[in-house]
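Input: a single structure, listed below in structure tokens.
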Amino acid sequence: MLLRRTRLGVAGCLGAGAVLLTAACGGSTVEGVPEAARTSVPATGSTTASAPTTPSTPSSDSVTPTSPAAASALAALTLDPSVFPSTYQAVVLPPQAVAQAAQDLDGVAAGASVDPAGCKPDRPTADPDATSLVVGTDPVNRATVSVELARVSDTLESLRSRTEECGTVRTTAGGVTAEVVSELVPPPPLGADDTLAVRRTVSSGGGADEITQSMLSLVGQIDDVRVTATYMSFGAGEPDTATLDLVFREAVQKVKNG
């Protein structure tokens, strides 16, 4: 996670948050779609959502889509950037940038070795109906608030268990190590099928060179659509929970409406 430049042109932030923290470090702005989220799937994508492939005998963790959310393309469900407060410069990331941004949200660099090995997170594909991501950047406070939608084939109980099992993870990429610490915190009350909240820190370097990335994620699920809103910063201040709660609530409601 440490010692990698931002993929969208930001220099000076040696550490995590490469794609998501752009203007936060002083540099170029996020490349994306500042207009309202598109309401149709690009030509390369599916025109209808596909339910995840499940075994012939579903397990207790399988998800059975039943609501309008399951039949809607993620592009149509993605939160509109205009929902973000004016202090955040919000854009919808293009599909090819979503997979790159995922490593900033889970704290594990692409290609990094992970200990324990079973704690390596899954990576989203460039399929616009598999994952979508809108990011708001607050350059003054060097922070971002992002909202990710993802098609999943498991429940939040599985994510809850993995978070508990992988509370402390060490990663190594390019000879540089980092420690990722995740803990479950009380989730927000919300009308989703299930919700949870995760506080995560990514620390690398040492002494005066230590860099700590802090994140607070709110996660909800409606059928096979998982909504994850994350506040991420490198500062010592408290997270902007007001904005985080706002975009999370609005994103969940939009998915529920389908």
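Normalised by the number of residues in segment 121-253, the average gap of Cα pairs under 8 Å and 6 or more apart makes the relative contact order 23 percent. Are there any trypsin sites (Lys or Arg not before Pro) in segment 179-239 that are in a DSSP loop and have at most 14 other Cβ atoms within 10 Å? List them by number. Sparse-neighbourhood loop trypsin sites (Lys or Arg not before Pro): none present. For Lys256, the solvent-accessible surface with a 1.4 Å probe is about 80 Å², rounded to the nearest 10. State whether segment 164-258 is rounded, prolate or oblate according to the following rule on the C-alpha gyration tensor (a ≥ b ≥ c being the square roots of its eigenvalues): a/c under 1.5 gives rounded; otherwise a/b larger than b/c gives prolate, and the remaining case gives oblate. It is prolate, given that a/c is not under 1.5 and a/b is the larger ratio.
Mind listing which GluC sites (Glu not before Pro) in segment 150-253 are in a DSSP loop and have 16 or fewer other Cβ atoms within 10 Å?
Hits after loop and neighbour filter: Glu210.
The values are calculated or read from the model by the stated rules, or taken from the named source; none is laboratory data. Just so you know, these numbers come straight off a predicted model, no measurement behind them. Because the Cβ atoms are built from the backbone with ideal geometry, glycine has one as well, and the counts that use them run over all protein chains shown. Heads up: the accessible areas ignore ligands, DNA and RNA and are worked out on the full protein's heavy atoms, side chains in. Shrake-Rupley method; radii C 1.70, N 1.55, O 1.52, S 1.80 Å.
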